[in-house]
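Asker: First, the structure itself, so that you have it in front of you.
The values are calculated or read from the model by the stated rules, or taken from the named source; none is laboratory data. Small disclaimer: the values here were computed from a predicted structure and weren't measured. Quick reminder, even Gly has a Cβ in these numbers, built from the backbone with ideal geometry, and neighbours come from all protein chains shown.
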Amino acid sequence: MDSTHVTALSSLLQGIRNDSSMLQRFIYSHDLSTPPKFIMKFIKNIPDIVVQPESVEDVLKILEVAKQNRIPITPRGAATSAYGGAIPLKAGIVIDFSRMNRFEVDEDAKLLKAEAGAVWWDIQKELVKRGLSLRVYPTSAPSSTVGGWIAAGGYGIGSLKYGGIADNVASLTIADFLGVKMVDEGLNRFVGLCGSTGLILNARIKLRDFSEDKPYAEHMSIGDAVKAIKSIKDDDHPAHSALFINSSFLSMKNQVKGTDLPEKDTLLLCNGKESNSLGEELWEDRFYPMRIKRLGPSLVTFEALIPLDNVPGFYREAKKIAGSRHGFEIWFSKDWASVLLFMPSDERTMAYSLHWLKVLKLLRLARKLGGKEYSYGLWLSHRSRYREDFPELYEYKREIDPHNLLNPGKFFPEGVVPRLMNLAELMAAR
């Protein structure tokens, strides 16, 4: 879109805070990932304009302008993930929801109602004052937003006891080209779909009573860690979170932070019967694992959900593929484990593309062992067709967004990127 059209678009959005400067547009063209350059050639990731709505009325006006002018929309929270869900595929409008950040608490019903741009840790600090707590929240909670994490379908802190965010959303208020609606059934149409089937305006989320965190850590193998997790029962060991950290990741932490943590495979439990000093130190540092990027200067990440019983086997094989120096974090949920791998790299070198191929090899291994993608975004949209509910979701998408303007290319594959990623996956299988 040339400057004349950008100016015209800005005029159409008059009354809503917007910015079309090159600096702002560039800032909103990336998330935490940087794919190989040969992929980036096929997308228009720099938006034409960035808007920051402050009300439902603002969002509806943006949708109307987009509909009338056939302009794609990319919703964005804090962009703390690495799946391309908040990166434009075809330029257009980026909607930054950060100014829609209000929330309220129903203490009697133990329900939170939060706008899409509300930050998880701001919410948690207020809840604690009222004797309540979030059930689950992301490891990027100090900046991650409610709408962003729901749109990614996240798992994280608290998932051992309470599952993923999908298990804790009571209802969503959604805006699309047909208007605004509240949804309390069929949430699979929205959770984890990156806003491609409607823009999340606010969410009602289940809460729990606050209890003091008691983190306890013990050195053990991944096999013993899984056995320990399976032995936990709510009645006698009310742990809400469990994290396995391998020795390589602890070594990375020491390099980044200048600490001297024991570089041994470790299981961290929180809200168990007791705490210890190692547990407290690791728990205090549970946020922002992506800080490992400083060792890069770039970072390639892998994440998949693995059935609990298959975690040890996956971990053993994954170490062979990834190499021994790369770090693993494994967050346990009720029946799944969210396995994260961090590979410091340099996007200016050939090794960077090879690290991406390793990610695709690891995804094949995950599926072989009954696992699945953690999130799809732009980079893994070619895998969404394997979901059982894909036909239903595709028909719903066509019904409410016939021109594919709501975050195109996210979850629903479109364009060259899915074909390139599918080809790369075939190459990785060799």
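Asker: Among the residues of the range 373-388, are any in contact with a His (Cβ under 6 Å, 6 or more places away or on another chain) and not assigned by TED's automatic domain parsing to the domain that holds S33?
Answerer: No; the residues of the range 373-388 include none that is in contact with a His (Cβ under 6 Å, 6 or more places away or on another chain) and not assigned by TED's automatic domain parsing to the domain that holds S33.
Asker: Does R70 satisfy being in contact with a strand residue (DSSP E or B) (Cβ under 9 Å, 6 or more places away or on another chain) and among the charged types (D, E, K, R)?
Answerer: For R70, the condition - in contact with a strand residue (DSSP E or B) (Cβ under 9 Å, 6 or more places away or on another chain) and among the charged types (D, E, K, R) - is not met.
Asker: Given the criteria under 20 Å from L250 (Cα atoms) and not assigned by TED's automatic domain parsing to the domain that holds A152, does T349 qualify?
Answerer: When the stated conditions are applied, T349 does not pass them.
Asker: Within the range 285-339, count every residue that is under 22 Å from I232 (Cα atoms), part of a loop (DSSP other than H, G, I, E, B) and not hydroxyl-bearing (S, T, Y).
Answerer: Number satisfying all stated conditions: 3.
Asker: So which residues in the range 30-74 are of a type outside the set (A, V, I, L, M, F, W, C), farther than 13 Å from L378 by Cβ and outside any helix (DSSP H, G or I)?
Answerer: Across the range 30-74, the qualifying residues are P36, K41, P47, D48, Q52, P53, E54, S55, R70.
Asker: Another question, then. Go through the range 78-127 and give me each residue that's more than 19 Å from the chain's Cα centre (by Cα) and among the charged types (D, E, K, R).
Answerer: If the condition is that a residue be more than 19 Å from the chain's Cα centre (by Cα) and among the charged types (D, E, K, R), then K90, R99, R102, E104, D106, E107, D108, K110, K113, K125, E126 are the ones that fit.
Asker: Is it the case, given these coordinates, that S241 is within 27 Å of the chain's Cα centre (by Cα), assigned by TED's automatic domain parsing to the domain that holds F328 and over 27 Å from M350 (Cα atoms)?
Answerer: The answer is yes for S241.
Asker: Answer yes if at least one residue in the range 101-122 is basic (K, R), at pLDDT 95 or above and either under 28 Å from S33 (Cα atoms) or in a helix (DSSP H, G or I) (or both), and no otherwise.
Answerer: The answer is no; no qualifying residue exists.
A quick yes/no check of all residues on (1) buried (at least 20 other Cβ atoms within 10 Å of the Cβ); (2) modelled with pLDDT of 95 or more; (3) part of a helix (DSSP H, G or I):
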site: P142; (1), (2), (3): no, yes, no
site: W149; (1), (2), (3): yes, yes, yes
site: I174; (1), (2), (3): yes, yes, no
site: G192; (1), (2), (3): yes, yes, no
site: L201; (1), (2), (3): yes, yes, no
site: L207; (1), (2), (3): yes, yes, no
site: D213; (1), (2), (3): no, no, no
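Asker: For residues that are surrounded by fewer than 22 Cβ atoms within 10 Å (Cβ to Cβ) and more than 25 Å from S21 (Cβ to Cβ), tally how many sit in the range 92-122.
Answerer: 13
Asker: Answer yes or no as to whether I232 is touching a Ser or Thr at 6+ places or on another chain (Cβ under 6 Å), assigned by TED's automatic domain parsing to the domain that holds F287 and over 30 Å from M182 (Cβ atoms).
Answerer: The answer is no for I232.
Asker: Here is a follow-up. Look at the range 349-380 and say how many of its residues are without any contact (Cβ under 8 Å) to a residue 40 or more places away in the chain and of a type outside the set (A, V, I, L, M).
Answerer: Result for the range 349-380: 3.
Asker: Hey, another quick one. Go through (1) loosely packed, with under 15 Cβ neighbours inside 10 Å; (2) under 19 Å from A141 (Cα atoms); (3) not aliphatic (A, V, I, L, M) for S21 and report which single condition fails.
Answerer: Every condition holds for S21 apart from (2).
Asker: Scan the range 310-328 and give yes if some residue there is of a type in the set (S, T, N, Q), in contact with a Ser or Thr (Cβ under 6 Å, 6 or more places away or on another chain) and at pLDDT below 95, otherwise no.
Answerer: No, the range 310-328 contains no residue that is of a type in the set (S, T, N, Q), in contact with a Ser or Thr (Cβ under 6 Å, 6 or more places away or on another chain) and at pLDDT below 95.
Asker: Here's another thing I want to ask about it. Of the residues S247, S298, S241, S251, which single one is under 21 Å from I157 (Cα atoms), of a type in the set (S, T, Y) and out of contact with any Lys or Arg (no Cβ under 7 Å at 6 or more places or on another chain)?
Answerer: Criteria check complete, one pass: S241.
Asker: Does L269 satisfy being aliphatic (A, V, I, L, M), buried (at least 17 other Cβ atoms within 10 Å of the Cβ) and within 22 Å of W120 (Cβ to Cβ)?
Answerer: Spelling it out, L269 is indeed aliphatic (A, V, I, L, M), buried (at least 17 other Cβ atoms within 10 Å of the Cβ) and within 22 Å of W120 (Cβ to Cβ).
Asker: Condition first: over 26 Å from H382 (Cβ atoms) and not small (G, A, S). Now tell me which residues in the range 178-202 satisfy that.
Answerer: L178, V180, K181, M182, V183, D184, E185, L201, N202
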